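The values are calculated or read from the model by the stated rules, or taken from the named source; none is laboratory data. Please read all numbers here as calculations on a predicted model, not as lab measurements. Note that we place each Cβ from the backbone using ideal geometry, even for glycine, and neighbour counts take in every protein chain shown. All accessible areas refer to the heavy atoms of the entire protein, side chains included, with ligands and DNA or RNA removed. Shrake-Rupley method; radii C 1.70, N 1.55, O 1.52, S 1.80 Å.
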Amino acid sequence: MNQNAMRGLPAVHRLLSEPAVVAYEGALGRDALKALAQEALERGRAALAAGHSYDASRALLADLEAAAAAQLQPTINATGILVHTNLGRAPLARAALDAAARIGAGYSNLEYDLLDGQRGSRYERVGARLARLFGAEDALVVNNCAAAVLLLLDTFARNRECIVARSELVEIGGGFRIPDVLERSGARLVEIGTTNKARVADVERALSPQTALILRTHRSNFSLEGFVEELDSRALAAAARRSGVMLVEDLGSGATIDMTAFGLPRERTVREALDEGVAVVAVSGDKLFGGPQCGMLLGSALAIGRMRGNQLLRALRVDKTTLAMLDATACLHESDSTRLEIPLYAMLAASLEELQRRGEAAIARVERGRLVETRAAVGGGALPGATLPSLAICIESPDADAFARRLRHGRPPTIARIEDGCVLLDLRSVLAAEDAALADAIAAAL
Ligand SMILES: *Cc1c(COP(=O)(O)O)cnc(C)c1O
C-alpha cells in the first residue's frame with residue numbers, strides 16, 4: 001500500500017475522540033463506535049490506494065448516523081394512525097410500565113402459590129381478571145393473537161377439518177394468513193361460500209364427522225361492500241350447537257367496550273361474541289386493548305382448560321413483565337374513567353378543541369405552519385376504514401419528501417405523512433407529553 005496516501009488517514013483513537021463522534025457513544029456503545037471507526041478507516045485505505053480522496057470523519061459520521069437510526073428508540077407518531085404496527089402499536093399506560101418495573105426488577109410469585117408454598121399457575125391471576133372483564137368463564141394468555149389462533153387450531157383441529165368462509169380467509173399484516181396458519185397447525189381447511197357471500201346453510205352443508213371447528217375471522221384490514229352477505233352470528237352459533245361442533249372466532253382487535261362512544265363504527269366486542277355462543281375468542285393485547293403484545297384466549301372453562309393442557313403452550317408462553325402489564329391494563333379497563341389512563345383511549349377521547357390548543361402552542365413555538373382538518377385512523381387492523389376527526393400541523397415546503405426525511409432522521413425521529421405536497425403532522429396520534437419534543441423536532445427539521 002502507498003504510504004503517502006495512508007498519511008491522509010487519522011489514527012483510530014484520534015477519530016474516536018472527535019466530539020461529534022463521542023456524541024454517539026451513549027446511543028451505540030464504545031465497542032460499536034470502535035468497530036465502525038476501524039471499518040471506515042479500512043474503506044479509507046482502499047479509497048486512497050485507488051487514488052481517491054477520503055474524509056474519514058465524514059464517512060464515520062454518516063455510518064454513525066445510520067447505526068443510530070437503526071437502534072430501537074422512541075419515535076413520535078404524527079401519522080394519525082393510532083395503532084400503528086410498524087411504530088409499536090399501543091403505547092403503554094403508566095400503571096402498566098410501573099407494574100413491569102415492580103415485577104421485573106426482582107423475583108415474584110409468578111408460578112408460586114404463597115398460601116401453601118407450592119408451585120402455582122402463571123396464568124391464573126390475570127386469567128381470572130380477564131375472564132371477569134370480558135365476561136368469559138376462563139382466559140389464557142399467549143405471545144400474540146397469531147399464537148392464540150395457532151394454539152386454538154392445534155388443540156382442537158389437528159388432523160381434522162376446520163370450516164372457514166371464503167370471505168374471511170384473510171391475510172392480516174405481517175404475513176399472518178389464515179389458510180397458512182391452518183395448514184401449519186395440521187388442520188384441514190374447508191372453505192364455504194364465495195368471496196362476498198356466506199350463509200349458515202353453506203356451513204351446514206360442509207359439516208362432516210371430521211369437522212372439529214367453525215372458525216370466524218375478523219377481516220381487520222379490509223372491508224366488503226356492495227353485494228355482500230355475512231354469516232348470521234346467532235344462527236351460526238345455533239347450527240354449531242346442533243351439530244356439536246365448536247364455533248371459535250379470531251376477533252383480533254379486542255375491544256372491551258362499544259367503540260361508538262368515541263365516534264367510531266360499531267365494533268363487535270368479545271363479550272358480544274361470547275354471548276352469541278362463540279366458544280372461544282382470540283384477541284390481541286396491543287390493539288384496542290391498549291396493552292402489551294400478547295394474545296388472549298377467552299371462552300368456556302372446558303375449551304380453555306384443554307388449551308392449557310396443550311404442550312404447545314410452553315413455546316407460546318409470556319413472561320412476567322407481560323403478565324404484569326396486562327394485569328395493570330386490564331384493571332384500567334374496569335371503569336370508564338380509568339380507561340382514559342390508557343394512552344390509546346386518551347388519544348381517542350381527545351376533543352378537537354384540545355388538539356387545536358396543542359397544535360396552536362406548537363405552531364407558536366415553531367413560528368411556522370398552520371392547522372388543517374384531517375381524519376385520523378385507528379389502524380392496526382382494528383377497525384377497517386374507521387376514522388376520527390383530527391387536526392394536523394401542516395408545513396408547506398418546496399420539497400416535502402426531503403422535509404419528511406429530515407423529520408425522520410431527527411431526534412426524536414418523527415414520522416409524518418405527506419398530502420398534496422404538504423407535510424402533515426397529525427396531533428391525534430401524538431401523545432400530549434410529546435408536544436414540546438414535536439415542536440422542537442419540526443423546528444430542527446426546518
Ligand atoms: C391483528 C390480528 C391478528 C394478529 O394479531 P397479533 O397479536 O399481531 O399476532 C390476528 N387476527 C386478527 C383478526 C387480527 O386483527
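Quote the FRET efficiency, to the nearest 0.05, computed for Ala261 versus Arg43 with a Förster distance R0 of 60 Å and r equal to the Cβ-Cβ distance. Kindly include the intermediate steps, with their values, before the conclusion.
Numbers: r = 58 Å, r/R0 = 0.97.
FRET efficiency, Ala261 to Arg43: 0.55.
Peptides 135-148, 259-272, 105-118, 426-439 ordered by packing proxy, namely the average of other Cβ atoms within 10 Å per residue, highest first: 135-148, 426-439, 259-272, 105-118.
Give the value in nm², to one decimal: projected area of the alpha carbon convex hull of segment 169-259, averaged over all directions. Could you put the intermediate results ahead of the total?
Values: hull surface 27.9 nm².
Across all orientations, segment 169-259 yields a mean hull projection of 7.0 nm².
Can you pull the percent of the chain's accessible area that's carbon plus sulfur, 1.4 Å probe, other chains left in place?
Details: 10610 of 21290 Å².
Using a 1.4 Å probe with all protein chains present, the chain comes out at 50 percent carbon and sulfur.
Given their separation in residues at 0.36 nm each and the Cα-Cα distance between them, Ser223 and Glu353 gain 43.7 nm when the chain is fully extended.
List the relative contact order of the chain as a percent without decimals, with contacts defined as Cα pairs under 8 Å and 6+ residues apart.
Details: 808 pairs, mean separation 86.9, N = 446.
About 19 percent, as a whole number.
Keeping every protein chain present and rolling a 1.4 Å probe, give me the accessible area per residue for segment 94-335 in Å².
On the way: 10810 Å² over 242 residues.
I get 45 Å² per residue for this part.
If packing is taken as the average number of other Cβ atoms within 10 Å across a peptide's residues, how do 394-405, 16-27, 120-131 rank, most packed first? Intermediate values should be presented prior to the final figure.
Working: 394-405: 15.7, 16-27: 13.2, 120-131: 18.2.
Ranking the peptides 394-405, 16-27, 120-131 by packing returns 120-131, 394-405, 16-27.
Summing Lys and Arg as +1 and Asp and Glu as -1 over all other residues whose Cβ lies under 9 Å from the Cβ of Leu302 gives a net charge of -1.
Stretch Asp399-Ala432 to full length: gain in nm at 0.36 nm per residue minus the Cα-Cα span? Intermediate values should be presented prior to the final figure.
Numbers: separation 33, 0.36 × 33 = 11.88 nm, distance 2.81 nm.
Value of the extension gain: 9.1 nm.
Please give the Cα centre distance for segment 227-256 versus segment 57-76, rounded to the nearest Å. Centre-to-centre distance over Cα atoms comes out at 49 Å. A Cβ-based charge dipole, computed about the Cα centre of the chain with Lys and Arg at +1 and Asp and Glu at -1, lands at about 900 debye.
Expressed as a whole number of Å, what is the distance separating the alpha-carbon centroids of segment 77-107 and segment 196-215? Computed from Cα coordinates, the inter-centre distance equals 40 Å. Annotation: extensible slack from Arg306 through Tyr107 equals 68.7 nm (criterion: 0.36 nm per residue apart, minus Cα-Cα distance).
Averaged over its residues, segment 3-69 has an accessible area of 59 Å² per residue, based on protein heavy atoms and a 1.4 Å probe.
Given R0 = 41 Å, the distance between the Cβ atoms of Arg314 and Arg365 translates into a calculated FRET efficiency of 0.20.
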